[in-house]
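No lab work stands behind these numbers, since they all come straight from the coordinates. All of these numbers come straight from a predicted model, not from anything done at the bench. In this analysis, Cβ positions are derived from the backbone assuming ideal geometry, glycine residues included, and neighbour counts consider all displayed protein chains.
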Amino acid sequence: MHTLIVFASGQGSNARAIHEYFGRGQQARIGLIVCNRADAGVLTWAQHAEIPTWVVDRQTFMSEDFLRQLQTYQPSLIVLAGFLWKIPDALVAIFRNKIVNIHPALLPDFGGKGMYGAHVHRAVIEAGKKESGITIHYVDEVYDSGDIIMQARCPVHPDDDDLTLAGRIHGLEHFFFPRTLEYLLQTGFAASGQYTKASSV
Ligand code: GAR
C-alpha cells in the first residue's frame, strides 16, 4: 500500500478526487494532509473522511522537525493539490522526484509566484487565449519549473470568466490527477525518479 501525503490550502476538491479514486482499494491512501490555513475547506472534508491533518505555520514548515515527521510516513509521493507556499529546498532535496504539483494552466505559460487559482484563469482570459489546461509536474527548487509529467487541454470560450474556466479546469484535474498518480505508482517512476516527458492528451 502506497502512502501519499497531500499538501493543500484550499477547498480540497483535488484531495477529495484522489481519495475517492483510490477508495478502499489496496493501492494507495492519503496518510496525511498538510495545510497552511486553519480555515481551509480541505480540513473540514478531511476530518469527515477521517484523514489525519496537520496545520503548519511558516516556522514549522521550514523546520527540520517537519522534514523528519514527513519522513516517518515513508510517502511514495508528496502531492501538491492547491498548495501555495514554495517548497523549501531541503524538502525538495530529500524527496526529489517524489513531489508532484498540479497547476491549472499549460506551463511554462501562466506559472510562477502569485499565479494560482483565479489569478491564473483571469490571466489566461485577459491574454485572449483560446485554450488552457492543466500541467502535472515534478517540483524542483524553482516555482512551476520542474519536469512536466503530463498536460491536458481544454478550450477557453469567448464568454468564459474565471469561475467558468475554473470549473472546466477542475473537471480535467479531477479526472487526470488521480490517474497520473496511479501511473507513477504503478510504473515505479515514483520510486526510481524517472518520468515520461510531456505526454500530452
Ligand atoms: C487547483 O485548481 C490547482 O490546480 C490550483 O489550485 C486549485 C485547488 O483547488 N493550484 C494552483 O494554482 C497552484 N499554483 P482544490 O483546493 O479544489 O483542489
Problem set entry | Test set (1) under 25 Å from residue 94 (Cα atoms); (2) in contact (Cβ under 8 Å) with a residue 60 or more places away in the chain; (3) surrounded by fewer than 21 Cβ atoms within 10 Å (Cβ to Cβ) - residue 17 fails condition number | (1)
Problem set entry | Flag if residue 128 is within 16 Å of the ligand (Cβ to nearest atom), assigned to a loop (DSSP other than H, G, I, E, B) and of a type in the set (Gly, Ala, Ser) | no
For this session: Mind counting the residues in region 71-98 that are away from the ligand (no atom under 14 Å from the Cβ), out of contact with any strand residue (DSSP E or B) (no Cβ under 6 Å at 6 or more places or on another chain) and over 14 Å from residue 137 (Cα atoms)?
Result: 9
Problem set entry | Tally, over region 164-181, of residues that are out of contact with any strand residue (DSSP E or B) (no Cβ under 7 Å at 6 or more places or on another chain) and not hydroxyl-bearing (Ser, Thr, Tyr) | 8
Exercise. For residue 67, all conditions in the list (1) within 19 Å of residue 164 (Cβ to Cβ); (2) touching a residue at least 24 places away in the same chain (Cβ under 8 Å); (3) not small (Gly, Ala, Ser) hold save one; what is the number of the exception?
Worked result: (1)
Exercise. Which residue, of 60, 44, is within 15 Å of the ligand (Cβ to nearest atom), among the hydroxyl-bearing types (Ser, Thr, Tyr) and more than 25 Å from residue 179 (Cβ to Cβ)?
Worked result: 44
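Assess whether residue 159 counts as being within 11 Å of the ligand (Cβ to nearest atom), acidic (Asp, Glu) and in a loop (DSSP other than H, G, I, E, B).
Values: within 11 Å of the ligand (Cβ to nearest atom): no; acidic (Asp, Glu): yes; in a loop (DSSP other than H, G, I, E, B): yes.
Criteria not met by residue 159.
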Problem set entry | Residues being surrounded by 14 or more Cβ atoms within 10 Å (Cβ to Cβ), under 16 Å from residue 79 (Cα atoms) and not hydroxyl-bearing (Ser, Thr, Tyr) - total across region 44-54 | 3
Seminar exercise, completed: By residue number, the members of region 85-138 that are buried (at least 22 other Cβ atoms within 10 Å of the Cβ), within 18 Å of residue 15 (Cα to Cα) and either among the charged types (D, E, K, R) or without any contact (Cβ under 8 Å) to a residue 40 or more places away in the chain (or both) are 135, 137
For this session: Collect the residues in region 1-22 that are part of a helix (DSSP H, G or I), within 18 Å of residue 116 (Cβ to Cβ) and more than 9 Å from the ligand (Cβ to nearest atom), keeping them in residue-number order.
Result: none
Problem set entry | Output for region 144-165, where each listed residue is surrounded by 17 or more Cβ atoms within 10 Å (Cβ to Cβ) and either free of Cβ contacts under 8 Å to residues at least 24 places away in the same chain or not acidic (Asp, Glu) (or both) | 146, 148, 149, 150, 151, 152, 156, 165
